[in-house]
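To start, the structure itself, in structure tokens.
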Amino acid sequence: MHTNLCDLFGIDVPIFAFTHCRDVVVEVSRAGGLGVLGAVGFTPDELETELQWIDQHIGNHPYAVDTVIPGKYEGMGEADPEKLEAQLRAAIPQGHRDFAAKLLADAGVPEMPEDQKTDRLLGWTLATGRPQVEVALSHDRVKLIANALGTPPAEITRLIQGTGRKVGALCGSAYQALKHKDAGLDLVIAQGTEGGGHTGEVGSIVLWPEVVDAVSPLPVLAAGGIGSGRQVAAAMALGASGVWTGSIWLTAKEASGQLEQKESYLAASSRDTVRTRSITGKPARLLRNDWTEAWERPDTPDPLPMPLQGMVTIDMIMRTTTYADKAQPVAFNPVGQVVGSMKQIRPAKDVMSELIDGFYDATERLNRLLLDDED
Ligand SMILES: Cc1cc2nc3c(=O)[nH]c(=O)nc-3n(C[C@H](O)[C@H](O)[C@H](O)COP(=O)(O)O)c2cc1C
């Protein structure tokens, strides 16, 4: 399982784990993979706190940080985060706020306490993402910064590579992968449509080899639908230099999600997800429920473009997370189709062991086929 990415990052196995939970980052890196902390929901100060905690617990292992600076969004060009936030806030139609509020009220989800109500702008822009990159780069053990939803702006790539760290980006097509390569990125993450969170339209088994061929010799991490060692072996067979996983960590014992949310994942089948613009304005995969269905109807508002929709839905994310016991019919439960195989809450290190053991079992099975041929 040793590939060039192991040498590049000083890791034992090329298994990358995207998560919003610092405990999972630590567990995966300590188990020989690379934990990746999703930064988008943290303010720069909050991110600093998370990274300090990781530094204190991760030993000598490396880890990564992930940002979401899209190639296109409303308000592009405004560099001042406060001005941008005010400008965007003024552009949100009241009808969208009212519609979202009614969905939650009808479902009986309590409101946040007055001092915790917010419609703040998360890291979905260059103005708010750049400070996150700066915080990440002030931590020595961060060896990679990956970006979602587009090639990172040239100034961000220069900033990261100037400190000797690596920069990568997610893509859902060979076309986007080539843009990443042309921009001088160090690696590409090819995410098939079955993946959780923002995702494109092409399935992993078609996308991975297309991207590998398009950007060779740049290393490609395969993402989207990986929940077992067999799937890791499939990704490597298709030319990937490693795998980038997300959904499977949501039911890790250490993951910070509420028990009710984890139970929704455990109960779901691989047919229970949907790609919807109802959370951020760009298509993202989550568990289908009354919230996702309501925004799809012809008589309801169309989701706003990114990042406006996210400023409408942050209240819903906070409420359905805080009151997870009452909120599951409308909750924010991002996950990929692999949710259908997530049937147990397990320690992250056990998930890592299974990915590794399953990879060896699968490759041994294939090797036996070769031996049978020789007989
Ligand atoms: C809950 C959740 C949130 C996600 N948020 C982000 C994100 O902020 N940035 C990002 O690059 N990818 C994000 N992703 C996508 C993951 O990085 C990863 O590519 C994806 O989960 C891989 O597919 P899988 O879910 O089938 O493992 C998210 C995925 C999930 C499940």
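The values are calculated or read from the model by the stated rules, or taken from the named source; none is laboratory data. Please read these numbers as outputs of a predicted model, since none were measured by experiment. Glycine also receives a Cβ, built like all others from the backbone with ideal geometry; neighbour counts cover every protein chain displayed. When the accessible area is computed, the model is the full protein with side chains, heavy atoms only, and any ligands, DNA or RNA have been set aside. Shrake-Rupley method; radii C 1.70, N 1.55, O 1.52, S 1.80 Å.
Taking interchain pairs and intrachain pairs at least six residues apart, which have beta carbon atoms under 8 angstrom, with the first residue in region 252-268 and touching a residue at least 24 places away in the same chain (Cβ under 8 Å) and the second part of a loop (DSSP other than H, G, I, E, B) and charged (D, E, K, R)?
Pairs found: LEU266/LYS343.
Return yes when PRO62 is away from the ligand (no atom under 16 Å from the Cβ) and in contact with a Gly (Cβ under 7 Å, 6 or more places away or on another chain) and no when it is not.
Yes, satisfied.
Looking at region 1-26 only, could you name the residues that are part of a helix (DSSP H, G or I) and closer than 30 Å to THR118 by Cβ?
ARG22, ASP23, VAL24, VAL25, VAL26
Criterion first (more than 13 Å from the ligand (Cβ to nearest atom), in contact with a helix residue (DSSP H, G or I) (Cβ under 9 Å, 6 or more places away or on another chain) and either in contact (Cβ under 8 Å) with a residue 60 or more places away in the chain or open to solvent by 20 Å² or more (accessible area, probe 1.4 Å) (or both)) does VAL206 satisfy it?
So VAL206 fails the test.
If I ask for residues that are under 21 Å from LYS179 (Cβ atoms) and in contact with a helix residue (DSSP H, G or I) (Cβ under 8 Å, 6 or more places away or on another chain), which ones from region 210-237 would you list?
Of the residues in region 210-237, the ones under 21 Å from LYS179 (Cβ atoms) are 210-224.
Those that are under 21 Å from LYS179 (Cβ atoms) and in contact with a helix residue (DSSP H, G or I) (Cβ under 8 Å, 6 or more places away or on another chain): GLU210, VAL211, ASP213, ALA214, VAL215, LEU218, PRO219, VAL220, LEU221, ALA222, ALA223, GLY224.
Select from region 61-91 the residues that are in contact (Cβ under 8 Å) with a residue 60 or more places away in the chain and polar (S, T, N, Q) and list them in ascending order.
THR67
If ILE314 meets every condition in (1) aliphatic (A, V, I, L, M); (2) assigned to a loop (DSSP other than H, G, I, E, B); (3) surrounded by fewer than 23 Cβ atoms within 10 Å (Cβ to Cβ) apart from one, which number is that one?
(2)
Could you check region 127-184 and list, in sequence order, the residues that are at positive phi and either in contact (Cβ under 8 Å) with a residue 12 or more places away in the chain or not in a loop (DSSP other than H, G, I, E, B) (or both)? Reasoning before the result, please.
The first filter runs over region 127-184 and keeps only residues at positive phi, leaving 149-150, 164, 184.
Once the filter is applied, which keeps residues that are at positive phi and either in contact (Cβ under 8 Å) with a residue 12 or more places away in the chain or not in a loop (DSSP other than H, G, I, E, B) (or both), region 127-184 yields LEU149, GLY150, GLY184.
Could you look through region 251-283, keep only residues that are within 13 Å of the ligand (Cβ to nearest atom), in contact with a strand residue (DSSP E or B) (Cβ under 8 Å, 6 or more places away or on another chain) and not in a loop (DSSP other than H, G, I, E, B), and pick out the one that is most open to solvent (accessible area, probe 1.4 Å)? Before you say what the answer is, go through the steps one by one.
In the first step, residues of region 251-283 are kept if they are within 13 Å of the ligand (Cβ to nearest atom); the result is 251-252, 255-257, 261-262, 264-265, 268, 270, 273, 275, 279-280, 282-283.
If we keep only those that are in contact with a strand residue (DSSP E or B) (Cβ under 8 Å, 6 or more places away or on another chain) as well, we get 251-252, 255, 264-265, 268, 273, 275, 279-280, 282-283.
Checking which are not in a loop (DSSP other than H, G, I, E, B) leaves us with 251-252, 264-265, 273, 275.
Details: THR251: 7, ALA252: 1, SER264: 30, TYR265: 1, THR273: 12, ARG275: 79 Å².
It comes out as ARG275.
Picking from GLY71, GLY75, GLY59, which residue would you name as being in contact with a helix residue (DSSP H, G or I) (Cβ under 6 Å, 6 or more places away or on another chain) and not aliphatic (A, V, I, L, M)?
Step by step, each of GLY71, GLY75, GLY59 is checked, and only GLY75 is in contact with a helix residue (DSSP H, G or I) (Cβ under 6 Å, 6 or more places away or on another chain) and not aliphatic (A, V, I, L, M).
Return the only residue of VAL26, VAL68, VAL40 being surrounded by fewer than 23 Cβ atoms within 10 Å (Cβ to Cβ) and among the hydrophobic types (A, V, I, L, M, F, W, C).
Among VAL26, VAL68, VAL40, only VAL40 is surrounded by fewer than 23 Cβ atoms within 10 Å (Cβ to Cβ) and among the hydrophobic types (A, V, I, L, M, F, W, C).
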